[in-house]
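Report on one structure; see the data block that follows.
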Amino acid sequence: MDQPVHTRIWLEEPEPHNAFAARSARCHGYDVYGEMLGRARWVEMLYLLFRGEAPSPAQSDLLEALAVALANAGPRDPAVHAAMCAGVGGSVSAAALMAALAVGAGQYTGAREVFLAMHDWAHCGTDMARWRARLASPPATPVGVWPAPDHTPGFDPHGTVAATTVTQTLSAMAAIDAGPTLRWLVDHREAIEACTGLPLAMSGVAAAALHALGMDPDQGEMLMLLLRLPGAAAHALEQRRIGHKRFPFFRLDEVAA
């Protein structure tokens, strides 16, 4: 007896001559290969998979802007640097991506930081009084695999003012008419920063954007992991070609010494 696959996301009709091949596939009711392919954008497919419904044009534009902003955090980023180390060491491609995921999963610039910041957005929304109270008395971190955060999630523990790229990203996404969240953050960014004593970070902008898109913290954490992989992959491939003698941030003579 056939055992059904229990998922609300995907429905396949098998080929009559091959039960292991799909004749058609629907994602939340949409015919992926018969109707969406060639018409839908990649970010529309992402939104459909995670939210179970097609995005509005503004939601598509916001998710695409976020994907561009997160695509490459650059070699200064710990997750990208981890992938570069894997690449220059000759590891297989999958290992480079796994290195990026492992380092990029954490609470400093990583996906878990976005998860925590999205919980703040879910609790506070656009209520400044709630933000002040929550930032003054952060909720206790449940006992588990994650330690207590060492800084306010979504803010830069090493900065004194928000980085230009952060404010540029926030302004560009706030100009997209996808709800009030990002426009509110533009107007109240400095007041929130004053509460924390730290400037807004890219993780905080990502958390606000994902909240504006209707994602819950678990969905936001997963998307943060996914959307940051392209840059890690590209840098890993580049370092594999360049070789260890030109790997950044150290020299062989310094290591030998």
Env charge @ VAL88, Cβ radius under 13 Å, K,R +1 / D,E -1, value +3
Dimensionless Rg/Rh of the stretch 68-231, both radii on Cα and Rh by Kirkwood, sits at 0.97
In debye to the nearest 20, the charge dipole size for the chain, taken about the Cα centre with +1 at each Lys and Arg Cβ and -1 at each Asp and Glu Cβ, equals 560 debye
When the chain is treated as a Gaussian network with springs between alpha carbons less than 10 Å apart, the largest mean-square fluctuation among ALA40, ALA19, ALA234 is found at ALA19
Under 11 Å by backbone N from the virtual spin label 7 Å along Cα-to-Cβ at ARG8, the residues of the stretch 26-57 are 51-53
Dividing the mean separation of Cα pairs under 8 Å (6+ apart) by the residue count of the stretch 126-238 yields a relative contact order in percent of 30 percent
Residue span ALA25 to TRP42: 0.36 nm per residue of separation minus Cα-Cα distance leaves a gain in nm of 4.5 nm
Asserting the computed 222 nm helical MRE of the chain (DSSP H runs at least 4 long, -39500 (n - 2.57) per run, divided by residue count, to nearest 500) equals -16500 deg cm²/dmol
With the dipole of the chain defined by +1 on each Lys or Arg Cβ and -1 on each Asp or Glu Cβ, the option from PRO248, HIS28, ALA83 whose Cα lies farthest towards the positive pole is PRO248
Between the residues LEU210, SER171, VAL103, the Cα farthest towards the positive end of the dipole of the chain, that dipole coming from +1 and -1 charges on the beta-carbon of Lys, Arg, Asp and Glu, is from VAL103
Going fewest to most other Cβ atoms within 10 Å around each Cβ, MET84, MET202, MET36, MET128 line up as MET128, MET36, MET202, MET84
Charge tally for neighbours of HIS119 with beta carbon under 12 Å away, counting Lys, Arg as +1 and Asp, Glu as -1, is -3
Expressed in angstrom and rounded, the centroid-to-centroid distance over alpha carbons for the stretch 13-39 and the stretch 152-225 is 38 Å
Quick calc, the stretch 124-228, dipole around Cα centre from Cβ unit charges on Lys, Arg (+) and Asp, Glu (-), nearest 20 debye, gives 100 debye
For the stretch 33-40, in residue order, the Karplus 3J(HN,Hα) values (coefficients 6.51, -1.76, 1.60; θ = phi - 60°; whole Hz; Gly and Pro = x) are 8, x, 10, 6, 4, x, 10, 7
Residue span THR167 to ALA133: 0.36 nm per residue of separation minus Cα-Cα distance leaves a gain in nm of 9.8 nm
Full extension between HIS17 and SER56 adds, at 0.36 nm per residue less the Cα distance, a length in nm of 10.2 nm
Sites removed, the longest contiguous part of the chain containing no DSSP-loop chymotrypsin sites (Phe, Trp or Tyr not before Pro) with at most 13 other Cβ within 10 Å is 1-248
Checking THR152, THR160, THR126 against a Gaussian network model of the chain (alpha-carbon springs below 10 Å), the top fluctuating residue turns out to be THR160
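Just so you know, all these numbers are worked out from the coordinates, no wet-lab data involved. Treat the numbers as computed from the prediction; the structure is a model and nothing was measured. Cβ: placed from backbone, ideal geometry, glycine included. Neighbour counts: every protein chain shown.
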